[in-house]
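Student: Can you keep this structure in mind? I'll have questions shortly.
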Amino acid sequence: MGTWVAAAAASSLLLAGCSAGASDPGDEAKKDSMTIAFTAEPANLDFTTTSGIAIPEALMENVYESLVRVDGEGEIQPALAEDWDVSEDRKTYTFHLQEGVKFSNGADLTSEDVKFSYERVQDEWKNALKSKMDIVDSIETPDDLTVEISLKKPSNTWLFNLTSLVGAVFDTEGTEDLANKAIGTGPFSIEEFTRGQSIDFVARDDYWGETPAVKNVTFKYFQDAVSASNALKSGEIDVVSNLQAPELAGEFQSSDYQIISGTTNGEVVLSMNNAEGIFEDKTARAAVMHAIDRKAVLDTAWAGYGELIGSMVPPTDPYYEDLTGVWDYDPQKAKDLVREAGIDGEEFAFTVPNLPYAKAISEIVSAQLKEVGLKANIETQEFPAVWLDKTFTKHNFDMSVINHAEPRDILTVFSNDYYIGYDDSSIKKIAEKADTGTEEEYISGMKEIARTITEDAAADFLFLFPNLVIAKSDVAGVPANRVSDAFRIADLSWN
Amino acid sequence: MISYVANRALQFALALLVASVLVFALMSILPGNAAQVALGTNATPEAVAALEARYGLNQPPLIRYVSWVGGMLTGNFGTSYVTGAAITPVIVGSVQVTGILVITAIVLAIVIAVPLGTFAALEQRNWIGVTISALSQIGIAVPNFLAAIILVIVFSLTLGWFPSQGWMAPVEGLGGFLSRLVLPVVSLALVQAAILTRYMRSAVLDVMREDYIRTARAKGLTRTKALFVHGLRNAAIPVITVAGVQLATLLVGAVIIEQIFVIPGIGSELVRAVANRDLVTVQGIVMVLVLLVLIINFIVDVLYPIVDPRIRNAS
């Protein structure tokens, strides 16, 4: 009977272990710590060589700081620079640094660090976003707390770009092992980074600004939205940032939780190949614009979370204008345009990345197109590899759908060599003038560009991707709108 | 016996070689540029070309294959395009986690299945035997991810006994480790236990019909005693084979279970690497999985003749 005894012994041991551990994910020191679930995980801690949102999301404003930052309303605010002056010709920016700022390795922040960091973007960075610093001509450091940056030409976008990762200020001695050691001036330092699993942040005692209310913050990475929402329900995490399965949000409609649906910089674009194929003809594109019921798309594909925008501009950008009325949903007009373009019953390639929102959108979009006599052949492509290769790089597509998440990316997406293939000759001059002009000229110029692109039916802007956050009801300070790359944790607190 | 083992060892090496060629070839014909994926949509053609050059992606396939295999033989699985870090420590770390998971699961499955299966055979006509048979039939039909979801809903979300996800190394705290281990292990083990129970039951039934059991009973042993003294060893042979095969399928099942429970094992690494088109990592992990499966088969093959002298003599 040895087997029976062994079995019983093993089971009881296991059970003993279980009950001993059951109380483990407990509430001790809860008010001092917070755990937040994320989807995209950082491959390492070095955004100077590795692209993707995950690293700046974790590090910007938390560990690294820039001279300026952007707030939830899209306004530029001081950060490491207390204030700044712009020269008459608008080519020279003089930044006055905060006093008494220390890096987490104990070094003082000086103007030298800023010069070093920004020159390093041009020389050492491998991340493609480094081109945002190309406009910088020279950097001077008249004293320890003053930095003078001269641009090759005036630019309205440059100061905003400084709020992104290219603006991060590093210590001159702190860039040896960026992939594993992040040394910045921010309110937090990284206690432990377990690749693919979690990052533990701990609040710094010697931070120059206000001390964060929550001392220990953990980012935990979940590839599966259901696992993340289960972890929230069972109390193991406190916040799910940017829930990737909006249908799960319904389960949290109780007083124990709060559902925050803010805006992002992500425009979900039904892109059409402007350069060749069936959609080279504007009439064909116009037919699509009238054929799509964007409200229905949003409700079906993303549970109604998100905003209709009608252009490539989110409401938090200074040049936002409501263009949802330019192309109304009018299937009859769409049918007429289909006939006018001579594409009745024509088939075309609709290449869809295998992302949840894209797949959901493609189904309803192709059904709506069918109503007006257009036949979309849906081809699901693995994202990122296959989609990037065939659709994005080789431009081998007629229609696709993707969330363009970069901030202020209208000129990138509608430049001539981008995959959409938009002929930008009519907007190029306006863009140049807007960037070098006054702020008013910038705003009016960019508005004109956005309107031109929308009126050209260059693409169908389906909706603005929401920032869908689920948090325990006593969590406060969760950023509602995601306007920059950063997920700011310094403002978090427990009620 | 020696030639038997040598023969199996040769098969083992050959299979590994063929697998390495296949894995490498499959990865090479996959669409999509790994360097482009690593750098993202903002990458300039120059940056893509530089990354390709840095990791030797622009070299001819044969050279890449030889340097890859050569590296693995010295325990170096290469450098990831995506993380820029060495792959070997990642694989070693995640194999340990999956190893704990899978071995605990198979041990638990055997611990459940051997007594249950034996009991079901001995009590074949009894209601207990019938119930065990029926339950094991249901257990086989339930995929382990479904078992995992049900376990999470019941024991984590409703009862709150165990965490629904996460992992903790035993050295960080035994309680935390065990509490996080239970649900994934049980969801893996239940299905295996059900399968093994059925095998154990039929193996015992077969053994009970053997002449030597009849002889033993004729000498006055009870049915149970005859089985325990003479039969179980023979009944163990098919069960060992099946357990070996099960161990291999458990490795695959762990890929899904690790996703559900957010466990940093080899399955999670594989899924992550595939999603990032991190080909070197994918190749490395697949080879390690192949190696593990081959090792399991090899051990099962070698165990046979030890358990059953007839096989030893035949070879």
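Student: Antiparallel DSSP bridges in the protein assembly as shown: what percent, to the nearest 5? Walk me through the intermediate numbers first.
Tutor: Numbers: 54 of 72 bridges.
Close to 75 percent.
Student: 5 Å is the cut-off here: which amide hydrogens, built 1.01 Å from N in the peptide plane, fall below it relative to A:VAL352, excluding neighbours closer than 5 in sequence?
Tutor: The list, which skips near neighbours in sequence, is A:GLU379, A:THR380, A:GLN381.
Student: Suppose accessible area is computed on protein heavy atoms with a 1.4 Å probe; arrange A:PHE465, B:PHE77, B:PHE228 from highest to lowest. Intermediate values should be presented prior to the final figure.
Tutor: Numbers: A:PHE465 10, B:PHE77 35, B:PHE228 65 Å².
Ranked from most to least accessible, the order is B:PHE228, B:PHE77, A:PHE465.
Student: Roughly how many whole Å is it from the C-alpha centroid of segment B:255-311 to that of segment A:180-221?
Tutor: 35 Å
Student: Distance in nm between label sites at A:GLU173 and A:GLU440, each 7 Å beyond Cα in the beta-carbon direction?
Tutor: Each label point is offset 7 Å from its Cα along the Cβ direction, giving 5.1 nm.
Student: Please give me the summed charge of the neighbours of B:ALA34: other residues whose Cβ is under 14 Å from its Cβ, Lys and Arg +1, Asp and Glu -1. Working shown, then result.
Tutor: Details: positive: B:ARG54, B:ARG64, B:ARG277; negative: A:GLU382, A:ASP389, B:GLU52, B:ASP278.
Cβ neighbours under 14 Å give a net charge of -1.
Student: For a test of the definition: using alpha carbon positions, the gyration tensor, and the 1.5 limit on a/c, classify chain B as rounded, prolate or oblate.
Tutor: Details: a/c = 3.14, a/b = 1.67, b/c = 1.88.
Taking the square roots of the gyration eigenvalues as a ≥ b ≥ c, chain B is oblate.
Student: Would you tell me the mean number of C-beta atoms belonging to other protein chains that fall within 10 Å of each C-beta in B:74-87, as a whole number?
Tutor: Averaged over the peptide's residues, the number is 2.
Student: Averaged over its residues, how many other protein chain Cβ atoms are within 10 Å of peptide A:487-494's Cβ atoms? All intermediate terms of the calculation are to be shown ahead of the outcome.
Tutor: On the way: counts 0, 0, 0, 0, 0, 0, 0, 0.
Whole-number average of other-chain Cβ neighbours for A:487-494 is 0.
Student: Just which residues of segment A:226-249 lose 30 Å² or more accessible area with every protein chain there, against their chain alone, with the probe set to 1.4 Å?
Tutor: A:SER227, A:ASN230, A:SER234, A:GLU236
Student: Per residue, how large is the accessible surface of segment B:39-158? Use a 1.4 angstrom probe and give square angstrom. Walk me through the numbers before you get to the answer.
Tutor: Numbers: 5980 Å² over 120 residues.
Here the residues of segment B:39-158 average 50 Å² of exposed surface.
Student: Set Lys and Arg Cβ to +1 and Asp and Glu Cβ to -1, take the dipole of the protein assembly as shown about its Cα centre, and tell me which of B:PRO61, B:GLY175, A:LEU323 lies farthest positive.
Tutor: B:GLY175
Student: In terms of the Cα gyration tensor, with a ≥ b ≥ c the square roots of its eigenvalues, is chain A rounded because a/c is under 1.5, prolate because a/b exceeds b/c, or oblate?
Tutor: Working: a/c = 2.10, a/b = 1.13, b/c = 1.86.
Oblate.
Student: So, in nm, how far is label A:GLU140 from label A:VAL86 when the simple model puts each one 7 Å beyond its Cα toward the Cβ?
Tutor: Each label point is offset 7 Å from its Cα along the Cβ direction, giving 2.0 nm.
Student: Shifting gears a bit: With contacts defined as alpha carbon pairs under 8 Å and 6 or more residues apart, what's the relative contact order of chain A in percent?
Tutor: Values: 1028 pairs, mean separation 101.0, N = 495.
After rounding, I find 20 percent.
Student: Here's another thing I want to ask about it. Just how much of A:TRP125 is accessible, in Å², when a 1.4 Å probe is used and the result is rounded to the nearest 10?
Tutor: 10 Å²
Student: Quick check for me: using +1 on Lys/Arg Cβ and -1 on Asp/Glu Cβ, what's the dipole size of the protein assembly as shown about its Cα centre, in debye to the nearest 20?
Tutor: That gives a dipole near 6100 debye.
Student: Now for a separate question. Within a 10 angstrom radius of each residue's Cβ in B:177-186, how many Cβ atoms of other chains show up on average? Whole number is fine. Kindly include the intermediate steps, with their values, before the conclusion.
Tutor: Numbers: counts 3, 11, 9, 3, 4, 6, 1, 0, 1, 2.
Counting other chains' Cβ atoms within 10 Å and averaging over B:177-186 gives 4.
Student: Can I ask one more? At 24 angstrom or more along the helix axis (alpha-carbon based) and mean Kyte-Doolittle of 0.5 or higher, what helices does chain B contain? Whole DSSP H runs only. Let's see the in-between values first.
Tutor: Details: long enough: B:2-29 (41 Å, 1.85); B:88-122 (49 Å, 2.17); B:174-208 (44 Å, 1.33); B:232-261 (38 Å, 1.61); B:279-307 (41 Å, 2.53).
For chain B, where a helix must reach 24 Å along its axis and average at least 0.5, the hits are B:2-29, B:88-122, B:174-208, B:232-261, B:279-307.
Student: Would you pull out the residues with amide H under 5 Å of A:GLY266's amide H, same chain only if 5 or more places away, H placed 1.01 Å from N?
Tutor: A:PHE465
Student: With no solvent and one point on each alpha carbon, what is the Debye value of log10 I(q)/I(0) for segment B:1-141 at q = 0.15 Å⁻¹?
Tutor: Each listed q maps to, in turn, -0.95.
Student: I would also like to ask the following. Each residue of segment A:166-176 in order: what ³J(HN,Hα) in whole Hz does its phi give by Karplus 6.51 cos²θ - 1.76 cosθ + 1.60, θ = phi - 60°, with x for Gly and Pro?
Tutor: In residue order, the calculated couplings are 5, x, 4, 9, 10, 6, 4, 9, x, 10, 5 Hz.
Student: Another question, then. Spin-label point model (7 Å from Cα, Cβ direction): what's the B:SER67 to A:LYS428 distance in nm?
Tutor: 4.0 nm
Student: Cut-off under 20 Å on the C-alpha distance; same-chain residues fewer than 8 positions from A:LYS390 excluded. Which aspartates and glutamates are left, in chain and number order?
Tutor: A:GLU276, A:GLU280, A:GLU347, A:GLU379, A:GLU382, A:ASP398, A:ASP417, B:GLU46, B:GLU52, B:ASP278
Student: Moving to a separate point now. Computed on protein heavy atoms with a 1.4 Å probe, what is the summed buried accessible area for the chain pair B and A, in Å² to the nearest 100? If you can, show how the numbers build up before the last one.
Tutor: On the way: alone 16450 and 21340 Å², together 34080 Å².
Result for this pair: about 3700 Å² buried.
Student: So for the protein assembly as shown, taking the charge dipole from beta-carbon charges (+1 Lys/Arg, -1 Asp/Glu), which of B:ALA218, A:VAL469, B:VAL229 sits furthest toward the positive end?
Tutor: B:ALA218
Student: May I pose another question? What shape does segment A:283-387 take by its C-alpha gyration tensor, where a ≥ b ≥ c are the square roots of the eigenvalues and a/c under 1.5 counts as rounded, a/b above b/c as prolate, and the rest as oblate? All intermediate terms of the calculation are to be shown ahead of the outcome.
Tutor: Values: a/c = 1.83, a/b = 1.10, b/c = 1.66.
Oblate, because a/c is 1.5 or more while a/b does not exceed b/c.
Student: Rounded to the nearest 0.05, what FRET efficiency is calculated for B:ALA13 and B:GLN137 with R0 set to 56 Å and r the Cβ-Cβ distance? Write out the running numbers ahead of the final one.
Tutor: Details: r = 40 Å, r/R0 = 0.71.
E between B:ALA13 and B:GLN137, to the nearest 0.05, is 0.90.
Student: Got a sec? What order do B:TRP127, B:TRP161, A:TRP208, B:TRP167 fall in by accessible area at 1.4 Å, biggest, i.e. largest, first?
Tutor: If we order B:TRP127, B:TRP161, A:TRP208, B:TRP167 from most to least accessible, we get B:TRP127, B:TRP161, A:TRP208, B:TRP167.
Student: Also: Hey, which of these cross-link pairs are over 24 Å Cα-Cα: A:LYS130/A:LYS153; A:LYS91/A:LYS126; A:LYS282/A:LYS394; A:LYS181/A:LYS220?
Tutor: Values: A:LYS130/A:LYS153 18 Å; A:LYS91/A:LYS126 26 Å; A:LYS282/A:LYS394 22 Å; A:LYS181/A:LYS220 18 Å.
Beyond 24 Å between Cα atoms: A:LYS91/A:LYS126.
Student: Given the protein chains as shown and a 1.4 Å probe, how many square angstrom of A:LYS31 are accessible, to the nearest 10?
Tutor: Its heavy atoms expose roughly 110 Å² to the probe.
Student: Right, another one. Quick one: Cα centre-to-centre distance for segment A:445-495 and segment B:1-48, in angstrom?
Tutor: So the separation of the two Cα centres works out to 41 Å.
The values are calculated or read from the model by the stated rules, or taken from the named source; none is laboratory data. In this text the structure is predicted, and so the values were computed from the model without any measurement. FYI the Cβ positions are ideal-geometry reconstructions off the backbone, even for glycines, and counts take in every protein chain you see. To get the accessible areas, we keep the full protein, side chains included, count just its heavy atoms, and leave off ligands, DNA and RNA. Shrake-Rupley method; radii C 1.70, N 1.55, O 1.52, S 1.80 Å.
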